[in-house]
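Readers should treat all values here as calculations from the given coordinates under stated rules, not as data from a laboratory. As the structure is a computational prediction, the values presented were derived from the model and not from experiment. Virtual Cβ from ideal backbone geometry, glycine too; neighbours counted across all protein chains shown.
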Amino acid sequence: MAAARSKALWDFIALSGGEVLGKLAGLVAFAYLARVLGPELYGSVEVAGALLVFYALIIDFGYGPVGAREITHHPQKTAQIAGMIPAGRLLLTVLCIPAMCITAMLMKLPVHTQWLVFLYAFAMLAAPWNQRWLFQGLDRMALVSLGQLIRMLAFTAGVILLVRDPADLMRVGFVEMTAATAMAAYFIPMQLRASIPVRLYFEVHPLLAISRQSVSLGLSQAVWALNQYLPTLMIASLSLATEVSWFGAAHRIVFSIVSFSMIYHFNLFPSVTRRLKESHEAFSQLVIPSFRVTAWGSFFIAIVITFLAGPICRLVYGADYAAAALPMAVIIWSLPLTLFSGHSRWPLVAVHKQRYVLYAQLMGLAATAVSGAVLIPRYGSLGGAVAMLLNTACVWFTAHYFASRFVGSIPFLGSIVRQLLLAALVMAAVFGFAGLTWYSALLGISGFVLLAFVVDRELPGDIRRLMQIKNDSPAPQVDVGAGA
């Protein structure tokens, strides 16, 4: 019974545990690359990675959340959906590989960066078999967590063994292809072990039906990726190569942290779907404690990274990357904004209003493009960081507006007043009065944690309620014969 009461916690631990290990492995790999390649070439890896994420999300096409939602609602269709989604993604992969190569040429990137992008493009051949969504829909989060870990361990081992000096830049592309294949090779036997056949289901009408449901979400994911990586690409086009490295190094660490927002909402999505189907009151019992707890947690992390950005950059990347500290201290505040917007974006998907997630991401993209065009030529990596912060705020405000219309009451600015005021007080005390030192940073961080439980007496109860979210949300039972 105790295990059942804490299922949400254990699922999140399983997901985040694998993600933490994967991120640590990735951090080792990219820190190693930054030191070996140097600021002049490391930016090429970040640009290639940015384009890869963008096109990989086009291949995903929103199939993942829609597939997980459909399995949650219709378990008897699991086998059919598990064959349709890889089929649809394979068709998109054939289109995206040449598109990614052409993009690199149109951007007029340096020749060595273009060749690295070409190699990264072929890593997308493994994308159709990334079946994270399938095990999400089955609520088997422990299996989900191992896929990305395997990929990052393979990537880390590859770069350490094969990349020894700047002349080995192209080997990074071959390592990326190998790592992507390793992750796909993991999910295929896991799917068979779950008694779900591995196949490509190309029947036109069912594939078109699920594609129509996912197209808006797929476009919103692609726009989200562009929101995340457009500053990197704009800096590559409008500023110096070293500025790309500063921003890329800062963004690499912050994005690793912000990705836990996706894991958090990914873990809760089956419960969000089921509770919205039950009643809005049941949904409110999930979203209100979730919003408050994530507000406190994300503000805490943002304060820690703001205070320690300088030491982190020097420790991870070396003294040559000290200039990445200021962009990092700015970008980290996109973490709470991203977590807040997730409380609106994922419920919109759950109620089949995913096109409004796309509208929110497009508003964020417009904010990035306008602010980036103004700030990046003058301020370089810092301008890109500010543009990213404006983007995440715009996405949250827009998504909340639509969720309030189509889902119901969702916490907003009024729910973060205490967190915001306490964070501002701690930041002002450290920077304005004591000055930033190891001692003042430690005192400020400790003070925020202690005062959080003083100014918000409901926080312990919210944490307990959040841990019990999945108590009455059993995982769907799979009928592998139906829809075969």
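Couple of notes before you dig in:
- Judged by the mean number of other Cβ atoms found within 10 Å, the most tightly packed of the peptides 109-120, 288-299 leads the ranking 288-299, 109-120.
- Residue-span extension gain [residue 202 to residue 278] - 0.36 nm each, minus C-alpha spacing: 24.0 nm
- Separation between Cα centres of segment 19-57 and segment 94-140, rounded to whole Å: 14
- For the peptides 329-342, 84-97, 272-285, the ranking by mean Cβ contacts within 10 Å, running from highest to lowest, is 329-342, 84-97, 272-285.
- Residue (of 116, 195, 98) at the positive-pole extreme of segment 1-202, dipole from beta-carbon charges: 195
- Only Cα pairs under 8 Å and 6+ residues apart enter the sum, and on that basis the relative contact order of segment 1-202 stands at 33 percent.
- Separation in nanometres of the label points that stand 7 Å from Cα toward Cβ, at residue 413 and residue 209: 4.4
- Of the DSSP H helices in the chain, those whose Cα atoms cover at least 24 Å axially and whose Kyte score averages -1.0 or more: 7-37, 39-60, 78-106, 141-162, 169-193, 204-238, 241-278, 280-317, 355-379, 381-406, 438-455
- Per-residue [θ]222 nm for the chain (sum of -39500 (n - 2.57) over DSSP H runs n ≥ 4, rounded to 500): -27500 deg cm²/dmol
- Packing here is the average count of other Cβ atoms within 10 Å per residue, and on that basis the peptides 439-446, 44-51, 387-394, highest first, run 44-51, 387-394, 439-446.
- In terms of its C-alpha gyration tensor, segment 216-469 comes out oblate, because a/c is 1.5 or above while a/b does not outweigh b/c.
- In a reduced charge model with +1 at each Lys and Arg Cβ and -1 at each Asp and Glu Cβ, the chain shows a dipole moment near 680 debye about its Cα centre.
- Under-26-angstrom lysine pairs by C-alpha in the chain, whenever the two are 8 or more apart or on separate chains: 10
- Prolate/oblate/rounded label for segment 1-202 (Cα gyration tensor, a/c 1.5): oblate
- Shape call, the chain: gyration tensor on alpha carbons, a/c limit 1.5: oblate
- Two-site FRET efficiency, residue 108 against residue 427, from Cβ-Cβ distance with R₀ of 51 Å, rounded to 0.05: 0.80
- Farthest positive-ward along the chain dipole, Cα basis, beta-carbon charges - from 299, 386, 370: 299
- Take every pair of alpha-carbon atoms less than 8 Å apart whose residues are at least six positions apart; their mean separation over the length of the chain yields a relative contact order of 24 percent.
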